[in-house]
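Enquirer: First the structure, then my questions, so here it is.
The values are calculated or read from the model by the stated rules, or taken from the named source; none is laboratory data. These numbers come from a predicted model, not from an experiment. Here the Cβ is made from the backbone with ideal geometry for all residues, glycine too, and neighbour counts use every protein chain on show. Quick note on the areas: whole protein, heavy atoms, side chains included, nothing else; ligands and nucleic acids left out. Shrake-Rupley method; radii C 1.70, N 1.55, O 1.52, S 1.80 Å.
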Amino acid sequence: SAVISQKPSRDICQRGTSLTIQCQVDSQVTMMFWYRQQPGQSLTLIATANQGSEATYESGFVIDKFPISRPNLTFSTLTVSNMSPEDSSIYLCSGFGNTEAFFGQGTRLTVV
Amino acid sequence: AQTVTQSQPEMSVQEAETVTLSCTYDTSESDYYLFWYKQPPSRQMILVIRQEAYKQQNATENRFSVNFQKAAKSFSLKISDSQLGDAAMYFCAYSPPGAQKLVFGQGTRLTINP
């Protein structure tokens with residue numbers, strides 16, 4: 001399956017600041033997905049990123065807090081804006097190949 | 001809305017033994033995909049096994065096999081000859097065809113005892 005390079009792998013940020021996470025795929029994918037994994041929890045879908053259109057957000061997630069870019073079929077970014085300690089989580093990007101999802105390595109974000 | 005339930009937060013097994021992880025799901029769709037993903041401490045999500053709902057035959061990948069009961073909406077994972085490297089969080093996930101996004105269960109933390 002395809003490979004996603006996700007950066008940064010971890011970061012410690014001050015509250016009130018923003019962090020942008022990048023994902024680069026080694027092949028073209030129609031849709032990319034961003035998930036949040038809070039400490040000790042499962043993965044929750046934040047939004048679906050499509051090229052050329054605004055991302056589709058799941059209930060409880062808004063564009064002002066998690067703006068997403070998808071400039072082409074191999075790249076996407078997620079920004080976590082105006083961070084608070086509650087945003088401390090692992091963030092993962094994902095694409096879908098022929099029959100299964102593949103994931104980036106995850107970004108462990110700690111907000112202090 | 002589709003939901004996925006893993007009722008075992010933690011499981012442990014002796015090395016070389018067999019363990020079964022449970023998963024149930026709820027959907028009104030007739031065609032969909034089911035997955036088991038493994039997440040070791042490295043955080044990388046690794047596909048363990050995949051099952052297409054239209055296939056009656058249970059999927060098998062080496063030491064990993066599933067028991068797929070479509071009518072009961074059950075999708076359990078059996079790990080045979082458990083190895084220390086199998087220790088990880090295991091997530092059951094559902095995806096309707098074409099949607100590509102996944103709905104995950106709560107996860108089961110598997111410990112392998114040497």
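Enquirer: Give me Rg/Rg_expected for the range A:1-54, where Rg uses Cα atoms only and Rg_expected = 2.2 N^0.38 Å with N residues.
Expert: Here the answer is 1.32, to two decimals.
Enquirer: Which whole number gives the average count of other chain Cβ atoms within 10 Å of the Cβ atoms across peptide B:100-108? Display every interim value, and only then the final one.
Expert: Details: counts 12, 11, 9, 4, 7, 2, 3, 5, 0.
Per residue, the average neighbour count from other chains is 6.
Enquirer: Counting trypsin sites (Lys or Arg not before Pro) as exposed when in a DSSP loop with at most 14 other beta carbons within 10 Å, what is the longest stretch of chain B free of them?
Expert: Excluding the exposed sites themselves, the longest stretch runs over B:1-54.
Enquirer: How long are the semi-axes of the ellipsoid equivalent to the range B:3-108, from square roots of 5 times the Cα gyration tensor eigenvalues, in whole Å, largest first?
Expert: Details: eigenvalues 100, 43, 30 Å².
In descending order, the three semi-axes are 22, 15, 12 Å.
Enquirer: Count neighbours as other Cβ atoms within 10 Å of each site's Cβ, and list the chymotrypsin sites (Phe, Trp or Tyr not before Pro) in the range B:75-114 that are DSSP loop with at most 16 such neighbours.
Expert: Nothing satisfies the criteria.
Enquirer: Let me ask something additional. Along its three principal axes, how long is the protein assembly as shown when you only count alpha carbons? Whole Å, largest extent first please.
Expert: 48, 39, 31
Enquirer: Further question on the same structure: Just to be sure I follow the definition: excluding the sites themselves, where is the longest run in chain B that has none of the GluC sites (Glu not before Pro) in a DSSP loop with at most 15 other Cβ atoms within 10 Å?
Expert: B:30-114
Enquirer: So how compact is the range A:4-111: Cα radius of gyration and Dmax in angstrom?
Expert: When restricted to Cα atoms, the range A:4-111 yields Rg and Dmax of 12.9, 40 Å.
Enquirer: Would you check the accessible area of A:M31, probe 1.4 Å, heavy atoms only, in square angstrom rounded to 10?
Expert: 40
Enquirer: Below 12 Å, Cα to Cα, which aspartates and glutamates can B:K38 reach? Residues fewer than 8 away in the same chain don't count.
Expert: B:D86
Enquirer: Loop only per DSSP, at most 13 neighbouring Cβ atoms within 10 Å: give me the chymotrypsin sites (Phe, Trp or Tyr not before Pro) in the range B:25-65, ordered by residue number. Display every interim value, and only then the final one.
Expert: Working: sites: B:Y25, B:Y32, B:Y33, B:F35, B:W36, B:Y37, B:Y54, B:F64; in loops: B:Y32, B:Y54.
Answer by residue number: B:Y54.
Enquirer: Return a whole-number percent for the relative contact order of the range B:3-108, with Cα pairs under 8 Å and 6 or more residues apart as the contact set. Before the final figure, lay out the partial values.
Expert: Working: 233 pairs, mean separation 39.1, N = 106.
After rounding, I find 37 percent.
Enquirer: Which one of A:Q41, A:Q51, A:Q24 has the biggest mean-square fluctuation once chain A is modelled by GNM with Cα springs under 10 Å?
Expert: A:Q41
Enquirer: Tell me the per residue accessible area of chain A using a 1.4 Å probe; a whole number in Å² is fine.
Expert: Value returned for chain A: 46 Å² of accessible area per residue.
Enquirer: Give the separation of the Cα centroids, the range B:1-77 to the range A:33-71, in Å.
Expert: Centre-to-centre (Cα) distance: 25 Å.
Enquirer: Turning to a different aspect of this structure: Divide, for the range B:38-84, the radius of gyration over alpha carbons by 2.2 N^0.38 Å, where N is the residue count. If you can, show how the numbers build up before the last one.
Expert: Working: Rg = 12.2 Å, N = 47, 2.2 N^0.38 = 9.5 Å.
After normalising by residue count via 2.2 N^0.38 Å, the value is 1.28.
Enquirer: If the cut-off is 18 Å between C-alpha atoms, which lysines fall inside it for B:K73, apart from same-chain ones fewer than 8 positions away?
Expert: Those lysines meeting the cut-off are B:K55.
Enquirer: Counting protein heavy atoms only and a 1.4 angstrom probe, how many square angstrom of accessible surface do chains B and A bury in total, to the nearest 100?
Expert: It comes to approximately 1800 Å² buried between B and A.
Enquirer: If you count only protein heavy atoms with a 1.4 Å probe, what accessible area per residue comes out for the range B:3-108, rounded to a whole Å²?
Expert: Working: 4980 Å² over 106 residues.
It amounts to 47 Å² per residue over the range B:3-108.
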